Structure formats: structure tokens, C-alpha cells
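Q: Here it is, the structure, as C-alpha cells.
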Amino acid sequence: MCFLNVLIFVLFWIGDTSSRKATDQMKKLLTAIISTLPVIGFAQTKTAENLVQYVKPIIGTQRMGHTFPGATVPFGMVQLSPETDTVGYVKNGKYDPDVYKYCAGYQYDDKTIVGFSHTHFSGTGHSDLGDFLIMPTVGKLMLNPGTADKPRSGYRSAFTHTNEVSEANYYKVKLDDYDIIAEMTTSTRVGFHQYTFPASNHAHIILDLMAGIYNYEDKNVWTYLHVMDDGTVVGYRQTNGWAKNRTLYFAMKFSKPFVEYGNVNGSKREVYRGFWGKFNQSHNFPEVAGKQIRAYFDFATTAGEKIKVKMALSPVSMDGALKNMQAEIPGWDFEKVKNDGQAAWQQELSKITISTKNIGDKQNFYTSMYHALINPTVYMDVDGQYKGLDQNVHHADGFTNYTTFSLWDTHRALHPLFNIIERQRNADMVQSMIAHFEQSPEHMLPIWSNSANENWCMSGYHSVSVLADAAIKGAPGVDANKALDACITTAHQRFFMGLGYYIDKGYIPDDKDGNAVSSTLEFAYDDWCIAQLAKKLGRTDVYNEFIKRSQNFTNVFDPQTRFMRPKLGDGTFKKNVDPLSTINQGFIEGNAWNYTLYVPHDPATLIKLMGGDKRFIVYLDSLFTMNLPDKYFAETEDITRDGIIGNYVHGNEPSHHVAYLYDWTSQPWKTQERVRMIIPRMYKPTPDGLGGNDDTGQMSAWYIFSTLGFYPVAPGSDRYSLGSPSFDGATIDLGGGKTFSIEAVGQSDKNVYVKKVTLNGQPLDRPYLTHAEIMNGGKLVFYMSAKPSNSRYKM
């Protein structure tokens with residue numbers, strides 16, 4: 001009987017009894033029951049664990065991870081984070097390799113902070129952004145950032161990690177040279193700064209419109225700044241970088257009126273200057289325009305005084321930025337914005353809960369979740385307006401428009417993860433890709449797109465993998481036929497990376513394209529995805545065309561060497577190739593040893609080509625155990641020793657499915673062994689804890705899937721290959737009251753092998769799950785052992 005019923009019964013009994021003694025006894029009983037109420041309530045209400053506490057954004061900020069430690073909300077337009085140096089793209093007229101370390105603007109080993117900018121990529125191997133840098137200072141006004149070796153020559157400041165806090169949607173640091181505490185948090189479209197100043201009659205807040213990531217002298221095409229009143233500033237910045245024609249608008253508000261303001265305009269002095277020379281635009285003048293502008297706003301502060309700054313962004317207009325600010329952060333309650341953002345993170349992180357006693361594992365997992373849910377990013381105003389690829393303003397009708405599509409990376413595991421835990425968002429991302437296609441002058445789906453620009457980075461047309469996977473798995477609101485038509489058109493664009501040769505010859509000649517082999521392999525997989533979607537829709541003619549094209553990987557397989565190998569236009573294989581080298585061998589960011597295994601859609605045929613089961617197992621074993629000399633990975637900045645095990649390159653994406661290929665052999669237990677070996681070596685809860693670029697969440701998505709015990713080897717298929725779960729248990733919240741739980745009985749660092757598997761209490765005699773089996777809800781149980789199982793799964 002529930003407590004309320006007991007209470008009603010007792011009260012009724014007391015009122016009805018004629019015995020004072022009995023009444024007194026029941027009153028005592030009632031008092032005793034009431035006194036236990038807090039205990040009963042605590043016992044019956046399970047408090048959700050605070051998962052935000054396990055997020056450590058500092059993971060991956062040292063060396064190769066290229067993550068940032070600052071504040072952002074899930075999929076937010078704003079990523080408000082510190083920059084620790086000003087290394088540019090060009091040095092002495094040539095590319096400066098040192099800039100690669102600053103893809104996210106921050107390197108853990110640096111000793112100074114230059115300022116805090118509002119846009120960052122997470123984990124990329126090339127970069128852009130770093131917009132609208134703000135820096136608080138006191139004392140003599142300096143309007144250049146200085147250098148790392150002479151920090152006091154500019155406005156940058158020393159800092160230490162002792163005085164640094166990095167959490168989900170919150171960053172805090174002490175700027176030692178100015179005795180200023182800098183704090184920041186965000187909403188989706190607004191960055192919120194809070195600076196605690198010392199007493200000073202010379203306090204400044206600098207707005208640097210010249211600063212940027214992967215910067216160079218002429219990157220700014222134009223910038224504009226308008227001081228509307230003594231607390232409001234608007235403007236924009238147009239740049240020519242990775243995104244060739246990118247314009248971002250801002251609106252900036254101060255919690256305290258500034259007493260005066262000004263700027264330094266270092267723009268090149270042109271012959272034609274109009275008639276603006278009659279004004280002194282550098283001091284207390286309401287507007288300024290040019291390519292090289294740094295502005296300042298002056299204040300007098302008391303000790304411990306807080307000055308707050310809100311910076312809203314818009315892809316459309318300055319007015320749009322103001323409206324975004326008013327809609328998302330109309331007031332000045334910093335703690336509320338911080339707490340709201342962390343509540344949003346808690347909601348997202350709670351979609352997968354894990355059971356483990358290892359705090360480091362929780363930090364790794366929930367930081368991976370965090371990194372996986374930063375990108376893609378919202379790219380529209382609160383009213384639904386956004387700039388399209390055609391540079392016109394569009395309205396997103398019925399969907400949220402997204403950008404930052406690093407598809408060469410994220411089609412592999414990130415978007416498949418979204419198809420489980422972010423179904424509506426992924427559907428909106430698909431809609432965004434279709435809108436991109438409709439606005440594209442080249443009539444193509446995105447390759448690597450950001451901020452209404454196609455960057456054309458990397459190879460393949462892997463958006464078709466994302467569209468096919470989403471449509472096949474029933475993403476809500478996706479017009480599957482419309483998606484397929486966009487895929488078909490994209491796959492017929494002969495101008496793209498040798499695609500015309502591929503269509504005519506069945507491969508790309510090496511003498512026509514430097515990435516001929518890897519592009520052939522990637523196109524073949526993408527074509528298979530198109531075929532799968534066509535099959536689902538009953539479009540037989542399309543299926544027949546693309547299923548045939550999906551076998552083109554066989555055309556670059558050399559049966560003599562048993563490697564994928566560059567083939568020339570005359571049909572002969574290129575001579576004098578080195579299967580360990582990544583340079584001029586026909587592969588993008590990889591070598592023949594790794595790329596030979598890139599046939600995720602048809603491992604069975606690949607195994608036959610390579611000589612059958614035994615030979616294939618030996619090949620995989622050799623990949624993981626051989627020694628790759630330093631000279632080979634010194635050839636590319638995207639691969640370092642940090643991300644290599646033997647010759648297996650986990651620090652870059654083309655090999656992410658490789659450990660799971662043992663599931664197609666007579667020794668699937670080696671998948672379990674390899675996965676459990678990779679996890680602790682490539683993922684650690686430390687600043688240098690990532691073995692390679694996180695690549696907008698792909699590295700993290702691999703970790704999430706693999707620690708749960710399954711992985712999508714070939715997105716576009718409904719199958720997930722089984723591995724070895726590294727937690728005692730996990731529960732995936734599927735929405736609608738449904739969950740899918742995983743239990744690993746006897747799991748430990750030694751018990752990495754799977755003895756048997758049951759699904760909803762029934763034996764599972766195959767090494768894969770289907771998407772429907774997950775989404776229907778249920779329970780998957782792995783029974784773990786210290787010894788490999790002799791049972792043979794059949795794919």
C-alpha cells in the first residue's frame with residue numbers, strides 16, 4: 001500500500017475510534033510514519049548522476065587532439081575559447097608547419113593567452129575561424145598581441161593551469177599579468193564573458209577583428225564596426241580562408257557603459273580613400289571599416305568589479321545578431337546561462353549511461369560524448385534565417401539548419417551514432433545537406449562544408465553515406481527519394497576528383513589524380529551506399545548501376561602484391577611503389593597497408609582477393625604488430641607516433657573499421673582483443689589523451705561505440721559488428737520510454753574475450769546486431785572470459 005493510502009486509512013481510523021488510548025497509540029504510529037517520510041522519499045527517488053562532472057574539455061588540447069577547452073553548448077554556433085598564440089599560416093612566404101598545432105587555437109603547453117574568440121573547430125586537421133577576439137587588460141593600452149617569446153610587448157597575458165578551470169559550457173582562467181579573472185559561458189548563439197577586474201582607472205576591453213586561426217595578412221576581406229551607444233557595438237567580418245567567402249555578423253553588449261573608445265586601423269593605405277579623411281575615426285567615432293582593425297573600450301574599475309560582455313553571432317545580419325541575443329540571453333545572469341548550458345549537456349550525456357567503478361573510464365566516455373556532440377553546429381538565426389551556399393538568405397522551414405560537415409571523418413561513426421541517440425537532429429542535418437545540394441552552383445552534396453561555403457577538403461562524396469544510412473534507418477521527416485536523387489546527381493559529377501575517369505574506366509588513373517587509389521576505394525563504398533538506398537526504394541535501375549560501380553575496388557587490387565596499387569591510364573600497375581609510404585603512392589593520408597583494407601561494404605570479397613581466411617588473418621595480425629619506421633609517418637602532419645600501433649593508424653580515420661574485420665574470419669576473438677588493446681592506448685583522461693585529431697567527433701564516436709561493444713563497419717548497412725564492451729554495463733535511452741541495455745558479465749582488463757552473447761535472453765550466434773534490434777529496445781548480454789572462445793561466428 002502506498003504511503004498516501006496508509007495515511008488516509010490512519011486518519012480515518014483515528015477519527016472513528018472511541019478509545020482515547022487507541023487514538024494516542026495511532027497518533028504515535030502516525031508520527032513515526034511521518035518521521036520516515038524523507039527516508040522513504042529518498043529510497044524511492046533515484047537521483048540522476050551528475051554526468052557533467054566527468055566531462056574534461058582539456059582532454060585532447062595537448063599535441064594532436066586539436067580540441068579546445070572553452071565553453072559551448074551541444075551543437076552550438078558559439079565556441080568561446082582561449083587562443084594561446086598568434087602563429088600564422090605563412091612564414092617567409094611559405095606555409096608554416098607550426099600553425100598546424102593551432103587548429104583549435106589552444107595548445108596546452110603554451111604559457112600565454114592572447115584572448116578569447118567565439119568560433120572554433122573541434123579536433124580538425126586544417127582550420128579557420130577564431131572570430132572576434134576579446135581581451136581584457138589594465139594599465140597601458142597595447143593594441144598588438146605581442147609574441148610568445150616577448151609576451152609583455154603586447155596585450156597577451158601569462159597564465160597557469162593551476163588557475164584554469166575547464167568544464168562543459170564553462171571556462172575560467174586568471175590572467176596573471178593583469179590580475180583579471182576571466183570567465184565564460186554560452187548559449188547556442190551568444191558568448192557570455194565575465195571579467196573580474198582589479199581597481200584601475202585604465203581598464204580596457206580589446207576587440208581584435210584582425211585575429212584569426214590559420215591567419216594570414218590578407219585573410220580579412222573586410223571588417224566593419226558600429227558603436228551604437230555606450231554599451232552596444234555591432235559589426236561583421238568577411239574572410240577568405242578555408243571557407244572562401246565567409247561573412248559573420250556580431251552584436252556586442254557591455255554590462256557597464258564604457259567611458260571612451262577607439263581603434264587602430266592598420267589597413268593598407270589605398271590610393272583611393274574617398275572623403276573619410278576629414279574625420280578622426282580612431283577615437284570616439286561611431287563607425288570604422290577596413291581590413292586590419294583593433295578596437296578598445298575603456299573603463300574605470302573598483303577592486304573585484306565584474307564587467308560582463310555578451311557577444312551574439314549571426315550568419316545573416318547585425319540585426320539578426322541583436323535578435324539572437326535578445327532571444328537567448330536578454331539579461332545579465334551569468335550563473336543562469338552557465339547552469340542552463342550545463343543542464344543541456346546533462347540531458348544529452350544522459351542518453352547513454354554507463355556502469356563502471358573506474359573514474360578515468362567515465363571521464364573518457366563522457367568527454368567523448370561531449371566531443372561527439374559539439375559538431376555539426378547550428379547555422380541559422382532564432383527566426384530560422386540563414387545564408388545558403390548560393391550566398392542568398394534562406395529560411396529553414398521545418399528543420400534546424402546545420403553546418404560544419406567534416407564528412408570524410410564523420411560518416412564512419414559519428415552520424416551512425418546520431419541515428420541512435422540524435423535521430424531528429426541527424427534528420428535535420430540530412431535536410432541541411434539537401435539544402436546545400438539545392439543551393440550548390442556545382443549541384444553537389446557537401447564534401448567538407450562550413451558557413452555557407454564548400455571547402456572541398458578530402459576525398460569521396462561521403463554525404464551519400466550519411467543520407468543513405470539515415471534514410472535506410474528511418475530518420476524522421478527525410479524524403480528518401482529526394483535524398484537519393486541528390487546522391488545520384490552528386491555521383492555523376494565528372495569534374496570532381498577524377499570521377500569521370502572512374503565512371504569510364506572503373507578506376508582513377510594515377511597519372512590523372514594524386515589520390516587515385518584511395519578515391520577509387522572511397523567512391524566504390526559511396527556507390528554501394530547509393531545502391532542500398534535505391535534497393536530500399538525499389539529503384540532497380542539505380543541499384544543495378546551503383547552496385548556494379550561498388551565493385552570497382554577490385555580494379556585497383558594487384559593480385560601479385562596483394563595490395564591496392566596505383567594503376568596508370570593504360571591499365572598497367574605503377575612500378576616502384578612502397579606500400580608503407582604515404583607520399584605519391586595514390587592514397588590520401590595513408591599507405592597501401594592500411595588502405596588495402598578499405599572495403600567496408602564487402603569484406604568477404606576482399607578476403608577472397610587476398611588469398612582467403614588464413615592469409616587475411618596473417619595480414620591483419622601483421623598490420624598490428626609490425627614496426628613502421630619513423631620516416632614514413634614523418635611525411636604527413638596528420639599522422640604521428642601518438643596514433644600508431646604497429647602499422648595500424650588509429651590516429652586517422654581510414655583504418656577505424658579495421659579491428660572489426662576479424663569478425664569476417666574464423667577468429668572473431670581477435671576483434672575483441674584488438675579493440676580492447678586500442679582503447680587504453682589511444683584514449684586517456686589527460687590533456688594529451690587523444691592519439692590523433694578528434695576530427696569533429698569521429699575519434700570520440702569510435703570510442704563510444706567500441707566501449708559499448710559494437711561498431712558500424714559499413715554505414716548504409718543495418719548491421720553493427722560486435723566487439724568487446726569495456727564497461728560492466730550501459731543503457732542507451734532511445735526515447736519514448738524505450739531503452740537498450742548492455743551488460744558485460746565478468747568484464748575486466750583480463751576478461752576481454754566474449755564467451756557467448758544473448759539478446760533478450762536468446763543466444764546470438766552471429767557477430768553483429770541489427771539497427772532494428774537496438775531501436776526496438778531490449779538487453780544485450782556479453783559473457784566475458786580471459787580466454788578466446790573457439791566458437792565460430794558466421795557473417
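Q: Mind checking which lysines have their Cα closer than 16 Å to the Cα of residue 473? Skip sequence neighbours fewer than 8 apart in that chain.
A: 482, 535, 536
Q: For every helix of n ≥ 4 consecutive DSSP H residues, a contribution of -39,500 (n - 2.57) applies; sum these over the chain, divide by its total residues, and give [θ] at 222 nm rounded to the nearest 500 deg cm²/dmol.
A: That comes out to -8500 deg cm²/dmol.
Q: Give the label of the value calculated from the structure for Rg and Dmax of the Cα atoms in Å, choosing from (1) 28.0, 87; (2) 27.5, 100; (3) 28.9, 109.
A: (3)
Q: To continue, here is another question. Among 697-707, 325-335, 375-385, how do they line up from the highest to the lowest mean number of other beta-carbon atoms within 10 Å?
A: On the way: 697-707: 27.5, 325-335: 15.7, 375-385: 21.8.
Output ranking for 697-707, 325-335, 375-385: 697-707, 375-385, 325-335.
Q: Based on the mean of other beta carbon atoms within 10 Å per residue, what is the order of 466-475, 580-589, 254-263, 610-619, most packed first?
A: On the way: 466-475: 24.7, 580-589: 20.2, 254-263: 16.8, 610-619: 15.2.
Per-residue mean Cβ counts within 10 Å order the peptides as 466-475, 580-589, 254-263, 610-619.
Q: Take the alpha carbon gyration tensor of segment 53-148, find the square roots of its eigenvalues, order them as a ≥ b ≥ c, and report rounded if a/c is under 1.5; if not, report prolate when a/b exceeds b/c, else oblate.
A: Because a/c hits 1.5 or more and a/b fails to exceed b/c, segment 53-148 counts as oblate.
Q: Which listed residue (393, 380, 365) has the Cα farthest towards the positive end of the charge dipole for segment 357-409, taking +1 on Lys and Arg C-beta and -1 on Asp and Glu C-beta about the Cα centre?
A: Toward the positive end, the furthest listed residue is 365.
Q: In straight Cα distance, which aspartates and glutamates are under 15 Å from residue 351, not counting same-chain residues fewer than 8 positions off?
A: Reachable aspartates and glutamates: 49, 422, 733.
Q: Let me ask something else about it. What length, rounded to one decimal in nm, is gained on full extension from residue 560 through to residue 613, with 0.36 nm per residue of separation minus their alpha-carbon distance?
A: Value of the extension gain: 17.3 nm.
Q: Once neighbouring chains are kept in place and the probe is 1.4 Å, which whole percent of the accessible area of the chain is contributed by carbon and sulfur?
A: Exposed carbon and sulfur together represent 51 percent of the surface.
Q: Below 17 Å, Cα to Cα, which aspartates and glutamates can residue 614 reach? Residues fewer than 8 away in the same chain don't count.
A: 663
Q: Go ahead and run the numbers for FRET between residue 758 and residue 326, Cβ-Cβ distance against an R0 of 56 Å, rounding to 0.05.
A: 0.55
Q: Could you calculate the contour length gain from residue 343 to residue 492, that is, 0.36 nm times the residue separation minus the distance between their Cα atoms, to one decimal place in nm?
A: 49.1 nm
Q: Find how much the distance from residue 50 to residue 94 grows on full extension, using 0.36 nm per residue of separation minus their present alpha carbon separation; answer in nm with one decimal.
A: 11.0 nm
Q: So, for the chain, what is the accessible surface per residue at a probe of 1.4 Å, expressed in square angstrom?
A: Value returned for the chain: 38 Å² of accessible area per residue.
Q: Oh, and also: Rounded to whole Hz and in sequence order, give me ³J(HN,Hα) for segment 700-708 from the Karplus expression 6.51 cos²θ - 1.76 cosθ + 1.60, θ = phi - 60°, writing x for Gly and Pro.
A: So the Karplus estimates, Gly and Pro as x, are 5, 5, 4, 4, 4, 4, 5, 6, 7 Hz.
Q: Assign one of three labels to segment 269-383, namely rounded, prolate or oblate, based on the Cα gyration tensor with a ≥ b ≥ c the square roots of its eigenvalues; rounded applies when a/c is under 1.5, prolate when it is not and a/b is larger than b/c, and oblate otherwise. Write out the running numbers ahead of the final one.
A: Numbers: a/c = 2.65, a/b = 2.13, b/c = 1.25.
It comes out prolate by the Cα gyration axes.
Q: Sticking with this one: When the Karplus curve 6.51 cos²θ - 1.76 cosθ + 1.60 is applied with θ = phi - 60°, which whole-Hz ³J(HN,Hα) does each residue of segment 311-324 get, with x for Gly and Pro?
A: Running phi through 6.51 cos²θ - 1.76 cosθ + 1.60 with θ = phi - 60° gives 10, 9, 10, 8, x, 10, 6, 5, 4, x, 5, 4, 5, 4 Hz.
Q: Quick one: dipole size for the chain, taken about the Cα centre, charges +1 on Lys/Arg Cβ and -1 on Asp/Glu Cβ, in debye to the nearest 20.
A: 1640 debye
Q: Indicate the gyration tensor shape class of segment 647-735 (rounded, prolate or oblate), computed on the Cα atoms with a ≥ b ≥ c the square roots of the eigenvalues: a/c under 1.5 is rounded; otherwise a/b larger than b/c is prolate and the rest oblate.
A: It comes out rounded by the Cα gyration axes.
Q: Sorted by packing (mean other beta-carbon atoms within 10 Å per residue), highest first, where do 567-573, 304-310 land?
A: Descending packing order for the listed peptides: 304-310, 567-573.
The values are calculated or read from the model by the stated rules, or taken from the named source; none is laboratory data. Quick caveat, the model's predicted, so the values are computed rather than measured. We place every Cβ from the backbone using ideal geometry, glycine too, and count neighbours over all the protein chains shown. Note: areas computed on protein heavy atoms with side chains; ligands, DNA, RNA excluded. Shrake-Rupley method; radii C 1.70, N 1.55, O 1.52, S 1.80 Å.
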